[in-house]
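Participant: Handing you this structure, nothing more for now.
The values are calculated or read from the model by the stated rules, or taken from the named source; none is laboratory data. Values in this document were obtained by computation on a predicted structure and should not be read as measured data. Cβ atoms come from the backbone with ideal geometry, glycine included; neighbour counts cover every protein chain shown. Just so you know, the surface numbers come from the protein's heavy atoms only, side chains and all, with ligands and any DNA or RNA stripped out. Shrake-Rupley method; radii C 1.70, N 1.55, O 1.52, S 1.80 Å.
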Amino acid sequence: MSTYQVALIGNPNCGKTALFNALTGSRHKVANYPGVTVEKRQGMLAINDTNIHLLDLPGIYSLRGISPDELVARQALLGELANEPIPNLIIFVADATNLALNLRLAIEVKALGYPMVIALNMMDVAKEQGVEIDIQQLSQLLNVPIIATVAVKKQGLNELRQQIATHIEAHPHKPSLNAWQEPSAEDLRQTYAIVDLMLNKTVTEKPWRHHLTEKLDRILLHPIWGMLCLLAILFCMFQAVFSWAVVIQNLMQTGIDATIQWLHHTLPDGPLTNLICDGVLAGVGSVVVFLPQILILFLFILVLEDSGYMARAAFLMDRLMSKIGLNGKAFIPMLSAYACAIPGIMAARTIENLKDRMVTIMITPLTTCSARLPVYTLLIAAFIPSKDVLGFINLQGLVMFLLYLAGISAALTMGFIFKKFLFKGRAPLMLMEMPIYRLPSLHNILVGLGERAKIFLMRAGTIILSVMILLWFLSSYPTPPASWHGAAVAYSFAGRIGQFLEPFFAPIGFNWQMVVALIPGLAAREAAIAGLGTVYAVSGNEDTIAQSLIQTLHHEWGLATGLAILAWYVFAPQCISTLAVTKRETNSWLWPTVMFVYMFSLAYLAAFIVFHITNYFL
Amino acid sequence: MQTPLTLDQIPKNKKAFITAIDDRSHPHAELSNIEKRLLEMGFVEGAPVMLLHEAPFSKDPLIVRLRNNRIAIRRSEAKCIQVQLQL
Ligand SMILES: Nc1nc2c(ncn2[C@@H]2O[C@H](COP(=O)(O)OP(=O)(O)OP(=O)(O)O)[C@@H](O)[C@H]2O)c(=O)[nH]1
């Protein structure tokens, strides 16, 4: 058995990843906007005893490699990476509804000297549009085999596999490449002219309009309604996150509490029981109950992404973003960061200008990632009364929305400052395709939710679990001598660390229990909640254990402290993985350091202001 | 000489086609390689275009229809695309 490398390449949003998934059975993210795939991905498929490495590459408009994601594709095709072999064969994925553009690129890629197969994708949409293509003749004119495919319905895959098999026999060795020469503007025009000639002979198009897209755009891009819709969509998202999940969440919480009680009664008293109950269940459990909320948030984001709305949001936000010197495209990483800052920072690769990318990376962690959700929810439940404002808006949901708004405003303000002082530069271009609206695919959404649930539970089971066990030890040992008055936890290592740091945090109203909980919050933000769960469970007597964490916090902290920690978490220094990704993407230790310092200062300042203002008015 | 009509000036929903791509008036024509970028996105002489939407508030950027696709583009770049209305 030998291995053979095949690369998928094409314009953005033509369905490469959908095809990759269909061929290899993987579940990589597919969504309806240009620039979803920003890195190279490998998968395996076997055809007639040959193992094939299939490579999925980011979409490109040319081989010039202007933005970092395009550069990845260029390097893979031109063999510019020292230890990476070039592919044996290229599958050029072309969007059948946008042939002029796609075939122009196909000709540029083919000139490199690769054997090539064209997968003419989106054939279902083309049919619907009344585009008729004489595939056989087109294939002769281009001198490339063409296979019609519908990646999302797995049509045309067998023919494609067949073609790959034929190619393996015909070209068993790596091709020898021609040097790539950047086409001049005149070259580009000439290629278009050649493509036009081919298309005139082989394609008949009816005048066509996508009525759904036009109707929706008339509302969603309307100068007034469009903006209102964007706000309304975001607002609904946060209301839903807050109110829909509560029922399931309460059930889960009741279940966990009952389990803890039951274990306390059945297991023999001792450190192990305490570890399981107070450390593992109270800590990890307090995080796991947020799964429903996170899934609802993701449901919204996935629907926005797969319907085609994301690109519209970028368009609507372009003006605002250009005020801070960025372009609307930077809004997509920021929206993705609502899920998690890490894919958000990676998505910044689609931004071509280095300085703009740096600014986007630096401010992305200020958008409210889903790991902050548990923290917000818990604190809101403890300190904000659940009543209706104006009769229909839930006050808790409203506060949640305001916290998100504070995050995005802070991101925009910081973006402005960074752009003005650190990364000055000319205004970037905004050129972006607006895909047609599509009914989000149930499959894509379920796969996306499944992946997210898996990641979330894995985190709870690994990082958070180990941090909790460690924290439990630190807050349970050493045990105080008999003469010790007061809570045992105050005598422990954790208690001492907390008390040592307390003076620094006292001006912003934090007590030492909170300080202890903030430290695991660095490993993963939601671990701060677990930390509070553990610290208060350890320090509690039988009565307080029976109380929920919400009630405990409500009794232990004043309103000012509660609001101060909410403000803190709007800016809170991000988790370590975010800093690590920043290091990787910027290739320097400087920027993660700057990021940590500036966010820490903002958080401290915000908590300070909120704490003192609240105290002043109460 | 009359200044040529450009993509940012035509009325909405009127059919037009591209007559020239000319980035000489663009402030960053050289640095950003505007002409090539536009060509690579499919803006080429002869292609049918139509102005569809203007963004809220400032009426910038625009969404234009290019053949059967929609593309968001700022006015500054749309100025480099000369067009002629179809009668
Ligand atoms: N109707 C239809 N939709 C398709 C087909 N192939 C892909 N799609 C959809 O088109 C969108 C884009 O698909 P992706 O696979 O993410 O495209 P991509 O080429 O990997 O995109 P980039 O990562 O941006 O380069 C998704 O919403 C898919 O569900 C197809 O053959 N027919």
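Participant: Which order do peptides A:37-47, A:554-564 fall in by mean Cβ count within 10 Å, highest first?
Facilitator: By packing density, highest mean first, the sequence is A:554-564, A:37-47.
Participant: At 1.4 Å probe size, put B:Cys80, A:Cys229 in order of accessible surface, largest to smallest.
Facilitator: A:Cys229, B:Cys80
Participant: Next up: From the square roots a ≥ b ≥ c of the eigenvalues of the alpha-carbon gyration tensor of the range A:115-185, which class results: rounded (a/c under 1.5), prolate (a/b over b/c), or oblate?
Facilitator: Oblate.
Participant: Report the gain in length on full extension from A:Arg438 to A:Arg41: 0.36 nm times residue separation, minus Cα-Cα distance, nm rounded to one decimal.
Facilitator: Computed gain between A:Arg438 and A:Arg41 is 140.4 nm.
Participant: Would you mind telling me the share, in percent, of accessible area of the protein assembly as shown contributed by carbon and sulfur at probe 1.4 angstrom?
Facilitator: C and S atoms contribute 63 percent here.
Participant: Taking the full set of protein chains and a 1.4 angstrom probe, give the accessible area of A:Lys153 in square angstrom, rounded to the nearest 10.
Facilitator: 120 Å²
Participant: Just to confirm the number: angle between the C-alpha axis of helix A:372-383 and the first principal axis of chain A, 0 to 90 degrees, nearest 10?
Facilitator: With rounding to tens, the tilt is 30 degrees.
Participant: How much mean residue ellipticity at 222 nm does chain A get from its helices, if each DSSP H run of length 4 or more adds -39500 (n - 2.57) and you divide by all residues, to the nearest 500 deg cm²/dmol?
Facilitator: When only DSSP H runs of four or more count, the value is -18500 deg cm²/dmol.
Participant: Follow-up. Rounded to whole Å and ordered largest first, report the semi-axes of the equivalent ellipsoid of chain B derived from its Cα gyration tensor (root of 5λ).
Facilitator: Over the Cα atoms of chain B, the ellipsoid semi-axes are 18, 15, 13 Å.
Participant: Separation between the A:Leu251 and A:Leu197 pseudo-spin-labels, each 7 Å from Cα along Cα→Cβ, expressed in nm?
Facilitator: If labels sit at A:Leu251 and A:Leu197, their model points lie 6.7 nm apart.
Participant: For the range A:74-82, just list the computed ³J(HN,Hα) in residue order, Karplus coefficients 6.51, -1.76 and 1.60, θ = phi - 60°, integers in Hz, with x standing in for Gly and Pro.
Facilitator: 4, 4, 5, 7, 8, x, 8, 9, 4
Participant: Please list 3J(HN,Hα) in residue order for the range B:75-83, calculated via the Karplus relation 6.51 cos²θ - 1.76 cosθ + 1.60 where θ = phi - 60°; whole Hz, with x for glycine and proline.
Facilitator: Result, ordered by residue: 4, 4, 7, 4, 5, 7, 10, 7, 9 Hz.
Participant: Taking square-rooted eigenvalues a ≥ b ≥ c of the alpha carbon gyration tensor, is the range A:401-504 rounded, prolate or oblate, where a/c under 1.5 means rounded and, failing that, a/b exceeding b/c means prolate?
Facilitator: oblate
Participant: Counting partner chain Cβ atoms within 10 Å of every residue's Cβ in A:218-228, what's the average?
Facilitator: Rounded to a whole number, the mean comes out at 3.
Participant: Go ahead and run the numbers for FRET between A:Ala179 and A:Glu84, Cβ-Cβ distance against an R0 of 25 Å, rounding to 0.05.
Facilitator: 0.90
Participant: Sticking with this one: Kindly sort A:Arg189, A:Arg525 by accessible area of their heavy atoms, largest first, with the probe set to 1.4 Å.
Facilitator: Listed by decreasing accessible area, they come as A:Arg189, A:Arg525.
Participant: Can you tell me the 0 to 90 degree angle between the C-alpha axis of helix A:442-459 and the longest principal axis of chain A, rounded to 10?
Facilitator: Relative to chain A, helix A:442-459 is tipped by roughly 40 degrees.
Participant: Taking every residue in A:315-322, how many Cβ atoms of other protein chains lie within 10 Å of its Cβ, on average?
Facilitator: Counting other chains' Cβ atoms within 10 Å and averaging over A:315-322 gives 5.
Participant: Using Cα positions and a limit of under 19 Å, work out the aspartates and glutamates in reach of A:Lys419, with same-chain residues fewer than 8 apart set aside.
Facilitator: A:Asp318, A:Glu352, A:Asp356, A:Glu585
Participant: Kindly express, to the nearest 10 degrees and within the range 0 to 90, the angle between helix A:354-363's C-alpha long axis and the longest C-alpha principal axis of chain A.
Facilitator: 30 degrees
Participant: Distance in nm between label sites at A:Gln261 and A:Lys215, each 7 Å beyond Cα in the beta-carbon direction?
Facilitator: 5.4 nm
Participant: What's the magnitude of the charge dipole for the protein assembly as shown around its Cα centre, counting Lys and Arg as +1 and Asp and Glu as -1 at the beta-carbon? Answer in Debye, nearest 20.
Facilitator: Around 1160 debye, computed over the protein assembly as shown.
Participant: Further question: Of all DSSP beta bridges located in the protein assembly as shown, what percent are antiparallel, nearest 5?
Facilitator: If we restrict to bridges inside the protein assembly as shown, about 65 percent are antiparallel.
Participant: Between B:Lys12 and B:Leu31, with labels modelled 7 Å along Cα→Cβ, what's the label distance in nm to one decimal, could you check?
Facilitator: Taking the simple label geometry, B:Lys12 and B:Leu31 are separated by 3.3 nm.
Participant: A follow-up question, please. Given the options B:Pro11, B:Pro56, B:Pro48, state which has the largest fluctuation in a GNM of chain B using a 10 Å cut-off (strictly under) for Cα springs.
Facilitator: Among B:Pro11, B:Pro56, B:Pro48, the largest mean-square fluctuation in the Gaussian network model of chain B belongs to B:Pro56.
Participant: If you project the alpha carbons of chain A onto their three principal axes, what span does each projection cover, largest first, in Å?
Facilitator: Sorted largest first, the three principal extents are 93, 58, 44 Å.
Participant: Given axes a ≥ b ≥ c from the Cα gyration tensor, I'd like to know whether the range A:2-205 is rounded (a/c under 1.5), prolate (a/b larger than b/c) or oblate.
Facilitator: rounded
Participant: If one takes the accessible area of chain B alone plus chain A alone and subtracts that of the pair, with a 1.4 Å probe, what total in Å², rounded to the nearest 100, results?
Facilitator: 3800 Å²
Participant: What fraction, in whole percent, of alpha-carbon pairs in the range A:16-56 exceed 15 Å separation?
Facilitator: So the portion of pairs separated by more than 15 Å is 39 percent.
Participant: Write down the accessible area per residue of the protein assembly as shown in Å², having rolled a 1.4 Å probe over the full set of protein chains.
Facilitator: 42 Å²
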